[in-house]
Each structure stands twice: as structure tokens, then as C-alpha cells.
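Participant: First the structure, which I've put down as C-alpha cells, then a few questions once you've had a look.
The values are calculated or read from the model by the stated rules, or taken from the named source; none is laboratory data. Owing to the predicted nature of the structure, the values given are computational and were not obtained by experimental measurement. We place every Cβ from the backbone using ideal geometry, glycine too, and count neighbours over all the protein chains shown.
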Amino acid sequence: MFKCWVEKSPLAAIVHVRGDVDLLTASAFRTCVHTTASSDSNNGGMIVDLSELEYIDASGLLALDEGRRLCQQHRRELVLVAPPPHVERILEMLKLTELLPVLNSVEALSKHAQFNDEQLDKSVNETPQVVPGREPHGGRDPQERQANR
Amino acid sequence: MSEHGSWGFTVQLKTDPHVIRAVRKVIAATARIGGARDADARLIELSVGEALANARFHAYQGGVGPIEATVTLDGEMFSVTIQNEGKPVTRCSQVPDTLEPPESQSWGLYLLGQIMDEVEITRSTLDDRGTAIRMSKRLSE
């Protein structure tokens, strides 16, 4: 079942997506990505957690690329986290992996240029601020997510 | 040679998004039965989804119209043919064959060409207007 929700912190906004991004759901996913990428209340970077993504079509991939461009306009970086192998292969085919950093886990952000350890700890430990109409974070914890890859 | 021999089926469907989702998953499951690895089955699902979405948007201008999908497995070669009865392509439609990804408007067809071993776009045999796309992938164990 498709779900897309946003977890906010001072460091970054994390867009979580679960299920299929296709003709039925691409519009909602696009809105979620666009809103987060262009939000003035988001002062940090933007993370899209793909660990629970089952399927994504060209329209969903286009939404990610549009999100990248919007983040550039707002001088923030968009980072993809934990794409399943088949999704990563599609990202490679489109050479999006050359434009968007792809990390194995949220923990790996600590080694990423724009995210230091202190800020990351603050980010992942904060109580999620749920965007109205979105569901709170209900996915597996990051450590479990990495272990299952 | 695959243990699965030669077999296949044909389904008639409409380009309703719910139906498209169901059919692409059925075809991916069929590929797994035919011996496809999970990663290949998921990529075949994407190819079928893009072909059906193209039929919806281009042949039927974003609406609902009839489609015939034929799935065959011949040895290790898994093939899907999707035919519509909608608006004909105004020029010879080709799968982008470039080293670099094309403009984002053509990503679906480009991915289809990257994923499948053979892709052919022809006139539909259902009527004298529509378009057919036949795509094949060799299933490796």
C-alpha cells in the first residue's frame, strides 16, 4: 500500500515513501517531494528514504529529478537513501546516480559532506513533525533497514 | 534450454490505472514462473507498466481504451506484446537508442529499451489504426 510522509528536523526533511509509485500515486508522491523541496520551513537538506519502495515508474523518477532541481534552487542538497537494488539499477540507467548522492542508510549521512555527526544525532532522534494529512513515520528503524539490505 | 518449454496467454484489458497495476504485476509474476530472477521480473514489470502507460496517455489521450496483451515464453525468451486500438503514432515511433538518457519526457520508452533485449514498435493487428509494442527479454537462471 502506498504511503508518503515527511519527517522534519532542523537538519533535514526526510520524505519516506512506501509501496508503488505509479499512475495511481505519482501525483501524491510528486506533491510530497515538491512541497518538501521548496518549503521555506526546511532549513536543512532533504532526504528521500526509498527503503520501502516497491515500484517506481518514469513519472515518479521525474518527480525525484524535479525535486533535485527545486533543492538546487533553494540551495539545499537532495540525498537518496537505501534504494532497493532494482530501483538503484533504474536510477543508474537514467544516470540519476551521477546527479543525486545515494547512501545505504540514514547512518551513512554522518560521512556525507553536508551532514556531521552532531547534527545527524539531533536529526534522527527528534520527534517527527508530521505534515498535515501525512502519516507518521512507521517504517523499520534505520539499523534494521540496513541489515535487511 | 529452459525447463519451461513454450507457452503463453492473451488478456484483454482497459487502460484504467488500477487495471494497469494489476496486469503489470501478473506479467511480472508470470516472468518469475518462467524462470526470471526477482530483479529481472521487477524490471519487466516496469517495462510493461511504461508500455501500458504510454498506451493510456498517447493512444487514448489519458483516457480508458482497450488493450490486448500477449505474453509468451519460448525457451528462455520471455515476450510481451501490447496492442491498442487508439490514436496512431504520427511518426515512426522508435525506442531511444542513445548512450545518454534522453529528455525526461522519453524516460519510459528509454528505460524499456535499456531493460529489454528486443523492442519493436509496429502497427497493431487489432485494427488499422493502433500501435503494437513487442518486447522480449532472455531469462537467465
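One line per residue, one yes/no per condition, for (1) more than 14 Å from chain B (Cβ to nearest Cβ); (2) assigned to a strand (DSSP E or B); (3) free of Cβ contacts under 8 Å to residues at least 12 places away in the same chain:
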| site | (1), (2), (3) |
| --- | --- |
| A:Thr36 | yes, no, no |
| A:Ser39 | yes, no, no |
| A:Glu52 | yes, yes, no |
| A:Arg76 | yes, no, no |
| A:Val87 | no, no, no |
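Participant: From the list A:Arg68, A:Arg75, which one is at pLDDT below 95 and out of contact with any Asp or Glu (no Cβ under 7 Å at 6 or more places or on another chain)?
Facilitator: Going through A:Arg68, A:Arg75 in turn, the sole match is A:Arg75.
Participant: Please list, ordered by first then second residue, the pairs with beta carbon atoms under 8 Å, 6 or more apart or interchain, first in segment A:15-29 and within 10 Å of chain B (Cβ to nearest Cβ), second modelled with pLDDT of 95 or more and in a strand (DSSP E or B).
Facilitator: Listed by first residue and then by second, the contacts come to A:Asp20/A:Glu54; A:Asp20/A:Tyr55; A:Asp20/A:Ile56; A:Asp22/A:Tyr55; A:Asp22/A:Ile56; A:Thr25/A:Cys4; A:Thr25/A:Gly19.
Participant: All but one of (1) farther than 19 Å from B:Arg24 by Cβ; (2) of a type in the set (Val, Ile, Thr); (3) surrounded by 14 or more Cβ atoms within 10 Å (Cβ to Cβ) hold for B:Thr125, so report the exception by its number.
Facilitator: (3)
Participant: Residue by residue through segment A:36-57, note down the ones that are surrounded by fewer than 17 Cβ atoms within 10 Å (Cβ to Cβ) and closer than 22 Å to A:Met1 by Cβ.
Facilitator: A:Glu52
Participant: So, in segment A:61-74, exactly how many residues are away from chain B (no Cβ under 11 Å) and surrounded by fewer than 17 Cβ atoms within 10 Å (Cβ to Cβ)? Don't jump to the end; show me each part of the working.
Facilitator: Applying the first criterion (away from chain B (no Cβ under 11 Å)) to segment A:61-74 yields A:67-68, A:70-74.
From what is left, the residues that are surrounded by fewer than 17 Cβ atoms within 10 Å (Cβ to Cβ) are A:72-74.
Residues flagged as away from chain B (no Cβ under 11 Å) and surrounded by fewer than 17 Cβ atoms within 10 Å (Cβ to Cβ) within segment A:61-74 amount to 3.
Participant: Something else: Being hydrophobic (A, V, I, L, M, F, W, C) and either within 13 Å of another protein chain (Cβ to nearest Cβ) or part of a helix (DSSP H, G or I) (or both) is the requirement here; does B:Ala41 meet it?
Facilitator: yes
Participant: Mind listing whichever residues of segment B:50-87 are outside any loop (DSSP other than H, G, I, E, B), away from chain A (no Cβ under 14 Å) and farther than 19 Å from B:Thr125 by Cα?
Facilitator: Answer for segment B:50-87, where residues must be outside any loop (DSSP other than H, G, I, E, B), away from chain A (no Cβ under 14 Å) and farther than 19 Å from B:Thr125 by Cα: B:Leu73, B:Asp74, B:Met77, B:Phe78.
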